[in-house]
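Written below as structure tokens is the structure these notes are about.
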Amino acid sequence: MFHPLASLLFRLLQRAVVPPPFLLLRYLGRHGEADTIMRGDELAAAEYLRPIEIISGLCRAYERHEVSGDACSRLCFRDKWEVTEFYEGNKVVIVMKDGGQQAVFKSSHPFIEDFRPVSRDENEDTFTDQVLEKVNELLMLGWPRHYKRHLVETVWPTLLRSPGQPLSYADRRSLQALMHQDEYVTFRVIPLSRVTPQIIGTCGHFYQTENLVAFRMKGYYMNLKGKILVHLMGTLKLFYEFLNEPLQWCDVRFENLGLSAEYPKRFVVMDGDLLYTESRLNEIFHQKPCATDEDCVIGDCVARCTADLTCSDRRNENLIVFCEKLINPLFGNNWSKGNKYLAACHDTASNFTQKLNELRLTWSWSLSEV
């Protein structure tokens, strides 16, 4: 069951939806044949065949035992798929119907061949060392080597169902492709942050994420802005409280927020490509050469160009960006000191540290369950 804000949004959406001028259904077979296609004239037939080409290629690789994953048997059992949404840009996203539910599959490339191959005779210990190295490079959480097996089970949970069994060639090929996708690693390794969607399963280089209720800010949501503010603050609280490594989000926009049935009083980050631990983001900045401050920008995260012509640590906080891009558009200049959430965005009498301390105190009693 969805939590109250999601239910309210659903009810509002149901009242506001206007039927589209055409109905798009894609019932396409494994080899690309179309049983039924109803489409608008502005969409080319190739756009319908492309996702089926991608899924078919994945399932053929699975049948040849070249890839594996806990979602493969279900995905490839059928020989027809109903694709409802498809996107191919900085990543590939395929949304399809699966037993009446939406299944969301994502990958940075369409085909397994687009990733670096693995050697069939590579030593497993060497391979898992590379997994450990990749996670520590990406998240900089200092995962110790003696916990390597647990880490590999975290990024490849199939091992938990086959204790003592070695990784097959298909396992290693699939896992290597997944480990070269930063979003997958982030979502798999830091679920304790409680601001990222769950990974439902994988097949080859594709990973299936939890189906979220996408939040797109609409004018008629203004009646809910008090609840929306609580959700934004719940998300911000979790960014600052993640272990000893505050999470840094550099792609702050309403379109990148989703609602999860599992997590009340917060939004979930739908796209994790620009979600970093603090140490990782600052390392990326330090490695960036610069001539001016304009060279020290990663999405919404900014740093300064230092005297040695490299970028400094991040200098604009999550709180500042949340205020500028999410909270102020909702509330404008209407605020009072009694509302600690809005005061954190507007009160000029307090410095940033004081504002954050006030927020932490407020979070401790108003968002204690988050």
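Results for (1) touching a Ser or Thr at 6+ places or on another chain (Cβ under 8 Å); (2) of a type in the set (Lys, Arg); (3) under 12 Å from residue 177 (Cβ atoms), shown as yes or no for each residue.
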| position | (1), (2), (3) |
| --- | --- |
| 104 | yes, no, no |
| 107 | no, no, yes |
| 114 | no, no, yes |
| 117 | no, no, yes |
| 124 | no, no, no |
| 127 | no, no, no |
| 136 | no, no, no |
| 140 | yes, no, no |
| 144 | no, no, no |
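Taking the stretch 324-345 as the range and being touching a helix residue (DSSP H, G or I) at 6+ places or on another chain (Cβ under 8 Å) and assigned to a helix (DSSP H, G or I) as the test, the residues that pass are 326, 327, 328, 330, 331, 340, 341, 342, 343, 344, 345. Residue selection: residue 62 satisfies the criterion of being under 20 Å from residue 173 (Cβ atoms) and open to solvent by 60 Å² or more (accessible area, probe 1.4 Å).
Filtering 121, 98, 70 for residues that are open to solvent by 20 Å² or more (accessible area, probe 1.4 Å) and either within 28 Å of residue 280 (Cα to Cα) or touching a strand residue (DSSP E or B) at 6+ places or on another chain (Cβ under 6 Å) (or both) leaves a single hit, 70.
All conditions but one from (1) touching a helix residue (DSSP H, G or I) at 6+ places or on another chain (Cβ under 9 Å); (2) at pLDDT 90 or above; (3) outside any loop (DSSP other than H, G, I, E, B); (4) of a type outside the set (Lys, Arg) apply to residue 54; the one that does not is (1).
Taken over the stretch 258-292, the criterion of being free of Cβ contacts under 8 Å to residues at least 60 places away in the same chain and small (Gly, Ala, Ser) is satisfied by 291 alone. The number of residues in the stretch 148-170 being open to solvent by less than 10 Å² (accessible area, probe 1.4 Å) and in a loop (DSSP other than H, G, I, E, B) comes to 1. Summed over the stretch 163-222, residues that are of a type in the set (Phe, Trp, Tyr) and within 21 Å of residue 115 (Cβ to Cβ) total 5. Residue count for the stretch 130-164 satisfying the condition of being more than 19 Å from residue 71 (Cα to Cα) and among the polar types (S, T, N, Q): 2. Annotation for the stretch 290-299: at least one member residue is polar (S, T, N, Q) and open to solvent by 50 Å² or more (accessible area, probe 1.4 Å).
On inspection, residue 316 does not qualify as over 29 Å from the mean Cα position of the chain (by Cα), touching a residue at least 12 places away in the same chain (Cβ under 8 Å) and either assigned to a loop (DSSP other than H, G, I, E, B) or surrounded by fewer than 12 Cβ atoms within 10 Å (Cβ to Cβ) (or both). The single residue among 370, 321 that is part of a helix (DSSP H, G or I) and either touching a Pro at 6+ places or on another chain (Cβ under 6 Å) or surrounded by 19 or more Cβ atoms within 10 Å (Cβ to Cβ) (or both) turns out to be 321. Among residues of the stretch 145-158 that are free of Cβ contacts under 8 Å to residues at least 40 places away in the same chain, those with a Cβ under 7 angstrom from a residue that is open to solvent by less than 100 Å² (accessible area, probe 1.4 Å) and outside any helix (DSSP H, G or I), sequence gap 6+ or separate chain, pair up as 151/143. Do we have any residue at all in the stretch 346-367 that's open to solvent by 20 Å² or more (accessible area, probe 1.4 Å), free of Cβ contacts under 8 Å to residues at least 60 places away in the same chain, under 11 Å from residue 232 (Cβ atoms) and of a type outside the set (Phe, Trp, Tyr)? The answer is no, given that none of the residues of the stretch 346-367 is open to solvent by 20 Å² or more (accessible area, probe 1.4 Å), free of Cβ contacts under 8 Å to residues at least 60 places away in the same chain, under 11 Å from residue 232 (Cβ atoms) and of a type outside the set (Phe, Trp, Tyr). Looking across the stretch 62-80 at every residue that is over 24 Å from the mean Cα position of the chain (by Cα) and hydrophobic (A, V, I, L, M, F, W, C), the one that is modelled with the highest pLDDT is identified as 76. For residue 112, the conditions (1) under 26 Å from residue 264 (Cα atoms); (2) open to solvent by less than 20 Å² (accessible area, probe 1.4 Å) are fulfilled apart from (1).
The values are calculated or read from the model by the stated rules, or taken from the named source; none is laboratory data. Every value quoted in this text rests on a predicted model; they were computed, and no experiment measured them. Please note: Cβ atoms are built from the backbone with ideal geometry, for glycine as well, and neighbour counts cover all protein chains shown. All accessible areas refer to the heavy atoms of the entire protein, side chains included, with ligands and DNA or RNA removed. Shrake-Rupley method; radii C 1.70, N 1.55, O 1.52, S 1.80 Å.
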